[in-house]
Each structure stands twice: as C-alpha cells, then as structure tokens.
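J.: The following block contains the structure, expressed as structure tokens.
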Amino acid sequence: MASATQIDHLELLLGQDSSSSFPEMASSAREQALAAGLPAVKEEEYKFTAIQRKIEKSISDFGRAKVLELTPEQVAAALPEGFDGDYIVFNNGIPELNLSSFGQEGYTATLLSGSRPEKLGKVAKNEKDVFTAINTASFIDGLHIEVAKNQQIEKPIHFLFFNQSNSGQVINSRILIEVEANAEISFLENTVSVNDESYFLNQVTEVIAAPNSKSSYSRLQNESNQAITVNNFETDIHRDAVFTSNVISLGGDMVRNNLTLNLLDSGCEGNMYGLYLLNGKTHVDNHTNVDHTKPHAESNELYKGILADSSRGVFNGKIFVRQDAQKTNAFQQNNNILLSEDATINTKPQLEIWADDVKCSHGCTTGQLDEEALFYLQARGLGKDQAKGLMLYAFAGEVLEHIPDEAFRNHADALVKERLGTKI
Amino acid sequence: MLTIKNLHASIEGNPILKGINLEVKAGEVHAIMGPNGSGKSTLASVLAGREEYEITEGEVLFKNKDLLDLAPEDRAREGVFLAFQYPVEIPGVSTTNFLRTAVNQVREYRGQEPLDAVKFLSVMKEKMKLVEIDQKLLSRSLNEGFSGGEKKRNEIFQMAMLEPTLSILDETDSGLDIDALRIVSNGVNKLKSAETATIVVTHYQRLLEYIVPDFVHVLYNGRIVKSGTKELALELEEKGYDWIKEEANAASV
Ligand SMILES: Nc1ncnc2c1ncn2[C@@H]1O[C@H](COP(=O)(O)OP(=O)(O)OP(=O)(O)O)[C@@H](O)[C@H]1O
Ligand SMILES: [Mg+2]
C-alpha cells in the first residue's frame, strides 16, 4: 500500500487547481490515483523502472507547465523535411489549433472540451495504470480526432509536442482517436524538448479502430536527457481492422511506454514495432501488451534495441490469448545489441495462452556486435566505425521500414544514422 | 612484394604458427597446401589483420611496409585481399550496400577519384560478368542463404572490384562443382598481372590445373615443411601427407 511519502508526491503530481474541462471525471480519477499510489520499486510492473524515485528527484515544482510562447517558425522547423500532410501542435500538452494546419477533409480535430466525447477514458482505463488516472485527474484539455466512415485520409496527421518547463513541471496530454468503419489514416508524433530543463510528460492516447479500418501511429521519442515521460497508449481494434504502432525511442532521461492493443474481434490485426537506440544514462522501458480475445486474429511484434554507454533498456512483451481466441497467430521478437559493458537490458516475454489451437512464437536475443562480420567488412577496406555503423544500421533498419510516411521515416532514419555514425 | 620472416602467432596462448618464412614476388602464384588444422587459414587471417591472433615473433613486409602494423582496413587499402574460407553472413547488409563505400574508401587511400553511382554500376556490371554472378544475389543480405558456390563467386567478385595487388584465396575451390571451379579460376586468372601476386590455399590439385602455381608449399604444424614446384602438388595428391609428416616429425626430433 501507498506509504506517506508516496502520497505526498502523488498529491503534488495531482496538484490542487481544478482547471480540468471534465471536473467530475477528474475528481473520481483523483480518488483512484490516491488509492493506487505511485508504483513502488517492488511492484512487478515497474520493477526495473524506478519512476517514482526519478520523479521525486527530478521534479521540483510539480506545477502544471503553462502554455508557452511558440512561433510558427518553431513549428515549421520541427516538421520533417519534405513533409506533406496536416499537423497539430501541442503546447505543453495542450492542443493549439491556431498553430496547426489542416488541409484535408474526411476527419475532424476538435478540443476534448468542445466535443466532450463519450468514449473518453473508455479505452485507457484509470484503474489499469496510476499514470492514466493521474492524467485523467489533471489534463486541462486534449485532442479529439474523428475519422469519418469510409474515408481514406491520404496524407498523415502529424502531432508535434513542444515541451518546456521552467523548473521541472508536469505536462499531461490527452488524445482520443476514433477511426470509424472502413476508414484509413496514419498518425505521426514527435516529442520535442524546447530546452534542457527537466519535466514530467504524462501522455495518454486512446485509439478506437472500428471494423475494417486501417490505421497506424508512429512515434519518435527524442527528448532531452532531462525529460521523464510516461506514455500510456491503448487501442481497441475491432473486427477486420488493422492497427500498427511504431515507436522509435532515441532520448530522454527515463521513458516508460505502456502500449496495449486489444484485439476485440475476429479478423483483426495488431502490429507493434519498436526501436530504442540509447546512450548516456537514458532509460527506456517498453511494456507491451496484446490481448487476443476472439478467434482468427493476428499480432506481430518486433522490438530492437542498441544500447551504448550506461543506458538501460527494458522490454516486457505480454501476449494474452483468451480461451475463445482459437486460431490466433501471435509473433513476438526482441533483439538487442549491447555496445558497452555498462549498458543493460532486461527482456521478458510474458505469454499467457488459454486457447489450445494457436500459433504463437517468441524469441529474444542479446549480444554484442558480431566481430567476425566486422572483420570481414574491414578486410574489404571499410573503416571500423563505418563497418560498425553499417551493421548497426542494418539491424535497426528492419524496424524503421515499417514507418509508412516517407518524410517522417527519412527524418527518423537520418537521426538513427547520425547516432550510429554511418554515412552509408 | 611480400616477405614473411619467422612468423609466430598464437591464439588464446596456443601457438599456431611456429616460424613461417615466405617470399612472394610480383607476378607469382604460390599454393599453400597441408593437412587440416596445420595453420593455413591462420596464416591468411594474420596477413589480413584479424585481431584475435597474437603475433609473438617475426615480421611481415608488404611492399616494404610493416604489414602487421596496419589496421585490417588499411591492409585492404594497401592491396591485400583475403577471400574467406567461410564467408560471413551479415543480415541486412548487401554486397552492393557496402561495396561502393568500401571501393571508394580504398580508392581515396590510393589517391584515386571516387566512383560516382553511375560509374560504380558500370564497373560492377563488368566485374559481374567475370564471375557470372547475378545482380539479385548482390542485393540480398550478404551470404545469407547463399549456396557454397555463390559465396565463393561473391568473394572473387569483390576481389575484382577492389583490385588488390596480393590476393589470398583460402580454399576458394572447396565445395565448388567443376563448372563453378572453372568460372572462379577464370576470374582469378583474368585479374592476374605482372604487378599482382596470388596465394592460393587449397587441398586439391584440381584447382592448380586452372590456377597454375609457380611454387607449392606444404604447411604442417605451423611451419612450411616443404616447398617445391607444381609437381609437388601432384605428388601430394598421389601420396597424401603421411610421408611429409614423417619427414617433418623426424627432422624436429
Ligand atoms: N579461435 C581459435 N581458438 C582456438 N584454436 C583455434 C582458433 N582458430 C584456429 N584454431 C586452431 O588453430 C589450428 C589451425 O587452424 P587453421 O584454421 O589455421 O587450420 P587450416 O590449416 O586452415 O585447416 P583447414 O584445412 O581445416 O582449413 C587448428 O588446430 C585450430 O583448431
Ligand atoms: Mg583453413
């Protein structure tokens, strides 16, 4: 149970002001959060990620980060080169629609306070993770996207998060996406730290993928090494729908991603791809969870990590196959390369299979760079760093290729290449 | 071109090469034969710069430079090429993928202009013909799922692209059928000139009918215990290695 000091920090996180657009929802979430308490290190789910201690140490103010001065130039500079699509700016977590750009029809983007969607909080539930409850109790306003039935939105919608705080403040962001039947759309997200001050970003994103829809959500996490992020992302995938998540993590102080795909009906498909490229002291924890509830659904998962310096990675991949979910296909793979003796990875597949007729495979590997291969390339005249970079890039490329938008993929690709020191 | 003097090398404290002496001049072809485990691949790897081996004694001069002092990539740039006995698989990296950078790094070192994409492609096409290799193979993950013959052809293709002065072919003939053997040997022969030299490591006299050696050496237990002309290879084919081993063992008592 929550100890006295935990409650202190939790209360600080929850704050006192009641500027929520959903006061009733907020106050019951507050009760839920207080009852749950911040995860202690002993807690299985957060065993390797001492998020509570990290917040205690790095967050000094606990105020809600205020809306900051943001110019259209700053926004333009944050877009990937050659980007063609719509974009929506989040200013310290709050959507700023007048700095955003909407060129396409077939979907609507509104503030949560305006549309007051009934589905809000129905996908990512407060009781599941205390940070979701904290978010529900604290977010001021958020974004609601509705993609109309049968609409194919050709160009991507790019969410740009600008985060800045003065002395370690808290940013809560909330997004609800409803992709209606047969619609197609892809979302992109980039989190930008405006300066090097510490902050705590607590994101909750809920997606509802209606029958036969096709959608994807690609994220680039490249925050400053003072940033603490908890991201709760959950998607309900309905009959014959396909949903794909790509998560590229390149920076931050401590990042925790809870990604859950609920495969709610037959014929649906959920894909999860992830790449974490870590250096310094960055700590990235990916907890993924795919829940197969009905027969004939498929999930694919590939997470890869390259860890340098004294960085730390955690991968926990849960595959849950319920008794009803016969003929499930579920694949999971996690591969890691450690570039330094001080880097660590904790990887754990977690399979709970209650149906008997399923195809389920998983595997994880952790190793160093293949010295034989390195020598081979050197013996062909490639410099050692080039050879290393080439091999690591080939390793990472398998994840990057799943990003659907070319400009965004190239942007991620360039950052990865720069990090790996390869010019090829 | 290459002078090896009293070379000793060990791995994890086990001496493998125990005093190799060899002189290779431009224009020459040397064959190195010898029983399994005698140190042939070790010698080839040491020349190419594999770091696992510790050189405990001796020296190697290549074009009057201390070869052992150079990083593997610089040896390649100086003109040493090793065709691997067991070419390594590298997932996600294709031959075309790394070879242009490799070729241009080598060219830069040699003071030559880099090849642009168009020129590179045309050189590649020409060299592909030489070893009858398919472009599709070159854009697949290196050596992953390649047949034995495809791997060896790809080695010789890369050799052709890198234009080495000293080529060391470590059992490039092993596992090749007669057609593939002819193709590979043809390739090697076309790349030979008065300025280049070749060391072929092989178990089979058969190869030496295609790539005719000026000298044949027998490596046994980390030393060259016998040298001769191409007739020595015929004799070995006929009589095996036992008589050589006996001679060598008698001499070392
Ligand atoms: N990494 C290593 N660790 C320990 N011993 C090794 C290692 N590499 C080679 N050796 C040993 O060194 C000796 C020489 O090996 P090498 O591969 O050079 O033989 P070779 O003459 O090429 O044999 P083959 O004809 O089978 O190719 C062998 O006894 C081998 O077991
Ligand atoms: Mg050998």
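J.: Out of all the residues in segment A:282-319, which are outside any strand (DSSP E or B) and under 14 Å from residue A:249 (Cβ atoms)?
T.: Result: A:282, A:308, A:311.
J.: Now a separate question. Out of the residues in segment A:379-401 that are assigned to a loop (DSSP other than H, G, I, E, B) and not basic (Lys, Arg), which is farthest from the other protein chains (Cβ to nearest Cβ)?
T.: If we take residues in segment A:379-401 being assigned to a loop (DSSP other than H, G, I, E, B) and not basic (Lys, Arg), then A:401 is farthest from the other protein chains (Cβ to nearest Cβ).
J.: Only strands (runs of 3 or more DSSP E) wholly contained in segment B:1-107 count here; list those with 2 or more residues that are within 28 Å of residue A:391 (Cβ to Cβ) and within 16 Å of ligand 2 (Cβ to nearest atom).
T.: Filter on segment B:1-107 gives B:2-11, B:80-83.
J.: Shifting gears a bit: Do you know which of the residues in segment B:187-224 that are touching a helix residue (DSSP H, G or I) at 6+ places or on another chain (Cβ under 9 Å) and basic (Lys, Arg) is most open to solvent (accessible area, probe 1.4 Å)?
T.: Taking the candidates together, the pick is B:190.
J.: Something else: Answer with yes or no whether residue B:218 is over 20 Å from the mean Cα position of the chain (by Cα) and modelled with pLDDT of 90 or more.
T.: So residue B:218 does not fit the description; no.
J.: Also: Testing residue B:172 on (1) among the hydroxyl-bearing types (Ser, Thr, Tyr); (2) buried (at least 22 other Cβ atoms within 10 Å of the Cβ); (3) modelled with pLDDT under 90, one condition comes back false. Which one is that?
T.: Looking at each condition in turn, residue B:172 falls short on (3).
J.: Among the candidates B:125, B:151, single out the residue that is away from every other protein chain (no Cβ under 14 Å) and either more than 23 Å from residue B:42 (Cβ to Cβ) or open to solvent by 20 Å² or more (accessible area, probe 1.4 Å) (or both).
T.: Answer to the selection: B:125.
J.: I'm told residue B:46 meets every condition in (1) open to solvent by less than 10 Å² (accessible area, probe 1.4 Å); (2) within 13 Å of ligand 1 (Cβ to nearest atom); (3) more than 27 Å from residue B:150 (Cα to Cα) except one. Can you identify the failing condition by its number?
T.: (3)
J.: Oh, and also: Restricting the first residue to segment B:29-51 and requiring it to be within 14 Å of chain A (Cβ to nearest Cβ), which pairs with a second residue that is among the hydroxyl-bearing types (Ser, Thr, Tyr) and within 9 Å of ligand 2 (Cβ to nearest atom) meet a Cβ separation below 9 Å and a spacing of at least six or different chains?
T.: So the pair list comes out as B:41/B:86; B:50/B:42.
J.: Among B:187, B:175, which is within 16 Å of ligand 2 (Cβ to nearest atom), free of Cβ contacts under 8 Å to residues at least 60 places away in the same chain and either farther than 11 Å from residue B:31 by Cα or not in a helix (DSSP H, G or I) (or both)?
T.: B:175
J.: Now, a different point. Suppose we filter B:27, B:37, B:58 for residues that are open to solvent by 10 Å² or more (accessible area, probe 1.4 Å), within 14 Å of ligand 1 (Cβ to nearest atom) and not hydroxyl-bearing (Ser, Thr, Tyr); which single one remains?
T.: None of the others qualify; the one that does is B:37.
J.: So residue A:157 fits all but one of (1) at pLDDT below 95; (2) touching a Phe, Trp or Tyr at 6+ places or on another chain (Cβ under 6 Å); what number is the exception?
T.: Result: residue A:157 fails condition (1) only.
J.: Looking only at residues in segment B:61-91 that are more than 8 Å from chain A (Cβ to nearest Cβ), in contact (Cβ under 8 Å) with a residue 40 or more places away in the chain and within 16 Å of ligand 1 (Cβ to nearest atom), which one is least open to solvent (accessible area, probe 1.4 Å)?
T.: Checking each candidate, the answer is B:83.
This table checks each residue for (1) surrounded by 19 or more Cβ atoms within 10 Å (Cβ to Cβ); (2) farther than 27 Å from residue A:286 by Cβ; (3) of a type in the set (Phe, Trp, Tyr); (4) outside the structural domain of residue A:185 (by TED's automatic domain parsing).
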{"position": "A:49", "(1), (2), (3), (4)": "yes, no, no, yes"}
{"position": "A:52", "(1), (2), (3), (4)": "yes, no, no, yes"}
{"position": "A:56", "(1), (2), (3), (4)": "no, no, no, yes"}
{"position": "A:69", "(1), (2), (3), (4)": "no, yes, no, no"}
{"position": "A:80", "(1), (2), (3), (4)": "yes, no, no, no"}
{"position": "A:89", "(1), (2), (3), (4)": "yes, no, no, no"}
{"position": "A:130", "(1), (2), (3), (4)": "yes, no, no, no"}
{"position": "A:148", "(1), (2), (3), (4)": "no, yes, no, no"}
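The values are calculated or read from the model by the stated rules, or taken from the named source; none is laboratory data. Given the structure is predicted, the values throughout are model-derived calculations rather than measurements. A quick note on method: Cβ atoms are made from the backbone with ideal geometry, for glycine too, and the neighbour counts reach across all protein chains shown. The area values use the complete protein model at the heavy-atom level, side chains included, leaving out ligands, DNA and RNA. Shrake-Rupley method; radii C 1.70, N 1.55, O 1.52, S 1.80 Å.
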